[in-house]
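The values are calculated or read from the model by the stated rules, or taken from the named source; none is laboratory data. This structure is a prediction, so every number in the text was calculated from the model and none was measured. All Cβ positions, even for glycine, are placed from backbone atoms using ideal geometry, and neighbour counts span all protein chains on display.
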Amino acid sequence: MTQRSSIDSSAAWRALSAHRTSFAGTTLNDLFAADPARGERCHATAAGIYLDYSKNHCTDTTLGLLEELAATAELPRQLAALFAGAPVNRSEQRAALHPALRGVAPDAAIGREMEQSRARMLALAQALRAGEIRGATGQVITDLVHLGIGGSDLGPRLVVSAFPERCAVSPRVHFAANLDSSALAGVLSRCVPATTVFVLASKSFSTLETLSNADLAQRWLRAGGITDIGKHCVAITSKPERARAWGIDDDRILTLGEWIGGRYSLWSAMGFPVAVALGPDIFTELLAGAQAMDQHFRTASLRTNLPMLHGLLSVWQINFWHHGTRAVLPYVHGLRHLPDYLQQLMMESLGKRVAQDGSELAFQTGAIIWGSEETNGQHSFHQLLLQGTQTVPADFIVTATPHCDAEQHRLLYANCLAQSRTLMMGQDRAALEKELLAAGHSGAEAAFLARHREVPGDRPSNTLVLAAHEPACLGALLALYEHSVYVQSVIWGINAFDQWGVELGKQAASAIGAALAGADASAYDSSTRALMARWNSAGSCSD
Ligand code: F6P
C-alpha cells in the first residue's frame, strides 16, 4: 500500500479549515432561517434508517469540501479494499472480513469456512432450543451462561437484551464478563449445575477475565456433582487448539477467523447466544439488515450515503469544530446497551495516534463515545448538554413505530425531537427577561434569572429514525456505525482494526498481580507500591 501524506497537509483539509472560519457566527438557527426547507433536504434513508443531519453546522459547500476530502483520502479505493479482503489492518497484516459474514466473501475458501462455521453454530443453537442437548446427568439444558468480554460479550449482550419478549423461555441466556466474580455469582445463583451450559467466548482463548470465570464455572459444576465438564461447555474462538486443551469437546468448539476483529464479531459464531435466545431466524434477520446497509454503503453516492455522511460529519465536528466527544442517545429501552457497544466499536477502532504507516498524527482522531437510554439521560446529563460549557454532538435514536405502549411511544418520540430541537434553538435571554418581567419579577430579578435560565442553543445533533425496533433495523444500525468508523479511519489514515494499546495494560496487570502475590515490588513507583500496601489492609469504611 503506497505511503500517503498526512491528510491535514492536503488542500482539501486546508479548504475545510478556511470554510470553518467562514462559519464564524453562523448558527443552526441561521441555517434554517436561510433555508426553511433544510430539514426536508438534509436527510438520507437506507435499510430502514432515516438519518436527519440537518441540525449540523453544514451547508452544500461543506458537503462538497468533505467530498473532496474523501477523494483525497481515496475513500472509494479504500472501501473497495475492505470488501475485497485487502490487508486493511496493516499492523497485523490482516483483512477485516466482517461484511463477508453477512454477504459474499472475497475468497471462496474463506466463504466456505464462514458458511460451515455459521451452519454449525445455528445447528447447535437449534439443538439447545429443542432440548436435544442433555447435560451429564441426562437433563435438558435450561440455562446458557455466556462468558466473554469486550467484543466477545457486548454484541451478543446488546442483541439478546434488545428483544426480551422474543427470547426463548428455555434455555435462558445469561452474560457474565467482569473479572469481579460477583458478576458470575449473581448469574449462578439462578442456575443449577446439571442443567447449565457455559459458553467460553474468547477469540484468543487467552483473555484473563474469561478464563478466570471459566475456572470458577468449572469449579461450580464439579461442586454440583458434574464431572463430565465437556458436556456443559461450548467454546467460541479463533484458537480451537487452546479450547481443546482446556477440555472442550471438538463438536462443541465454534470458530471464527482471525480476520474478524473482536468488536466486529457479532455476525460470526460469536452470535451464538443470539441464536440460542432468539432463534436462528432472528440471527439471520440481523445479518440481513447489516447486509442491506453494506450494499447501500458500497453503492450510494456520498450525499445519500448514511455511513459516509455520518463519518464525514464526525470528522468535520472533531477536526474543525474540536468537539472531542459524542453522545449516543437511544430512545428505546431495548437499545440501552448500544452506547456500551459503540464505545468499544468506535473508541477501540479510532483511539489511535499513529497512521497506518506508523507516522505520528498531528490532529485529533477518535471521539469519546458515551450515552444512556432515554429518557433517563434527560434526568441525568442533559443539563450539561443544554447549558454546559462544552458542546457535545449527539446521535438521537428513535423508532418510527411503537415498540412499547403506543401512548408512551408518542411521548418518547416527542421527547427525542424536543431535545434535539432545544439543543439547536436554545432559549433567548432577552425573550426570557421579557417573560419574567411580564410575570411580575422586578427588572433586577428578571435580568438575574434570565442569565441562569438562558439556553445557548446552536448545539448539533443527528437524529436516526429506525423504521421499527426489529432485528433487521438493529443490524443495519450497527453496520452503519461500523462503516462510519471505517470512513473516519480512512480519512485519518489510521488502522481501525488493531488494538495494541490494551496489550500493555494486560502485561502490567499480570506483573502487579505477581507482586501482590509476593514477587519483588521494589522497582515500582511509590504510588503503586503504597497502593499495593493497601491491598488486604485492615480497615473499615468508617475509617
Ligand atoms: O480489549 C481488548 C480485546 O482484545 C478486545 O479487542 C476483545 O474484544 C476483547 O479484548 C476480548 O478478547 P477475546 O475475544 O480474545 O477474549
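Here residue 476 fulfils each of the conditions (1) touching a strand residue (DSSP E or B) at 6+ places or on another chain (Cβ under 8 Å); (2) more than 21 Å from residue 346 (Cα to Cα) apart from (2). Among the residues making up segment 225-267, those that are small (Gly, Ala, Ser) and not in a helix (DSSP H, G or I) are 225, 235, 238, 247, 257, 261, 265. Residue pairs whose Cβ atoms lie under 9 Å apart, sitting 6 or more positions apart in sequence or on different chains, and linking a residue in segment 116-129 that is at positive phi to a partner that is modelled with pLDDT under 95 and among the acidic types (Asp, Glu), do not occur here. Scanning segment 24-71 for residues that are closer than 19 Å to residue 456 by Cα, part of a loop (DSSP other than H, G, I, E, B) and free of Cβ contacts under 8 Å to residues at least 24 places away in the same chain yields 24, 25, 54. Of all the numbered requirements in (1) surrounded by fewer than 18 Cβ atoms within 10 Å (Cβ to Cβ); (2) within 16 Å of the ligand (Cβ to nearest atom); (3) touching a residue at least 60 places away in the same chain (Cβ under 8 Å), residue 343 misses one, and that requirement is (3). Quick one: is residue 71 more than 16 Å from the ligand (Cβ to nearest atom), surrounded by fewer than 16 Cβ atoms within 10 Å (Cβ to Cβ) and either in the same structural domain as residue 227 (by TED's automatic domain parsing) or not hydrophobic (A, V, I, L, M, F, W, C) (or both)? No.
Return yes or no: is residue 351 more than 16 Å from the ligand (Cβ to nearest atom) and under 26 Å from residue 149 (Cβ atoms)?
Working: more than 16 Å from the ligand (Cβ to nearest atom): no; under 26 Å from residue 149 (Cβ atoms): yes.
For residue 351, the condition - more than 16 Å from the ligand (Cβ to nearest atom) and under 26 Å from residue 149 (Cβ atoms) - is not met.
Pairs linking a residue in segment 191-218 that is assigned by TED's automatic domain parsing to the domain that holds residue 148 to a residue that is away from the ligand (no atom under 16 Å from the Cβ) and of a type in the set (Asp, Glu), with Cβ atoms under 8 Å and 6 or more positions apart or on different chains, are 191/143; 192/143; 195/143; 196/143; 197/143.
Note on segment 130-189: residues that are farther than 28 Å from residue 475 by Cα and among the aromatic types (Phe, Trp, Tyr) total 0.
Scanning segment 469-513 for residues that are more than 16 Å from the ligand (Cβ to nearest atom) and surrounded by fewer than 12 Cβ atoms within 10 Å (Cβ to Cβ) turns up just one, 513.
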